[in-house]
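Readers should treat all values here as calculations from the given coordinates under stated rules, not as data from a laboratory. What you see is a predicted model, and the numbers here were worked out from it, not measured in a lab. Because the Cβ atoms are built from the backbone with ideal geometry, glycine has one as well, and the counts that use them run over all protein chains shown.
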Amino acid sequence: MLSLHTLVIVLFSLLALGSATLMLTQTHPMRVALALIATMLSLAALYAALYMHVVAIFQVLIYVGAVMVFMVYAIMLLDRQDRVLRLPLSKMKWPGILGFVAVLLVLSVHLQPSLHEGLGTLSSEEHPFALAQFAQVFLNDYWLYFELASVLLVVAVVAVVAVLKAPAVSHDG
């Protein structure tokens, strides 16, 4: 008998795989964005089920809340007359479906023994990830990498603005 915790993990794993497959099979950008949102929310639920609550919150706030809002805004600015937006499915439909089935088969073979042992046997006192541990490791070991990544993002934004503001140069000589 599977525990409720194990069933939640399996359900959200399948939901993440299914919505990731939809991202490959759809051609309309808004449908792809909605499938990506479903994938990210499923991953956040998986993080929460694995007692990684901080990562789950960051997943929802940063990726779903900020990045996807920006992507949906950019999609809304696309040209609606584009021929690609009228196609029902992309060229990646069959590879996406076959990949989804292959991943399901591999997971069913490899996870079957561990499902019978029970994935969700951690109690709330034993969970491997806590905010204090995360903060200590992050501030001691990874703060420089985090700051370098933020500087690179700022440089990328400045570069994009500079390219967009630069006058077009003609090479007709």
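How much length, in nm to one decimal, is gained on full extension between Leu107 and Gln133, taken as 0.36 nm per residue of separation minus their Cα-Cα distance? Intermediate values should be presented prior to the final figure.
Details: separation 26, 0.36 × 26 = 9.36 nm, distance 3.08 nm.
Net length gain for the segment: 6.3 nm.
Taking amide H positions as modeled 1.01 Å from N, with prolines and chain starts lacking one, no residue 5 or more places away or on another chain lies under 5 Å from Tyr51. Take the Cβ atoms of Val155 and Met92, set R0 to 25 Å, and the FRET efficiency comes out at 0.15. Each peptide in 38-45, 140-147 gets a packing score, the mean of other Cβ atoms within 10 Å over its residues, and the list from highest to lowest is 38-45, 140-147.
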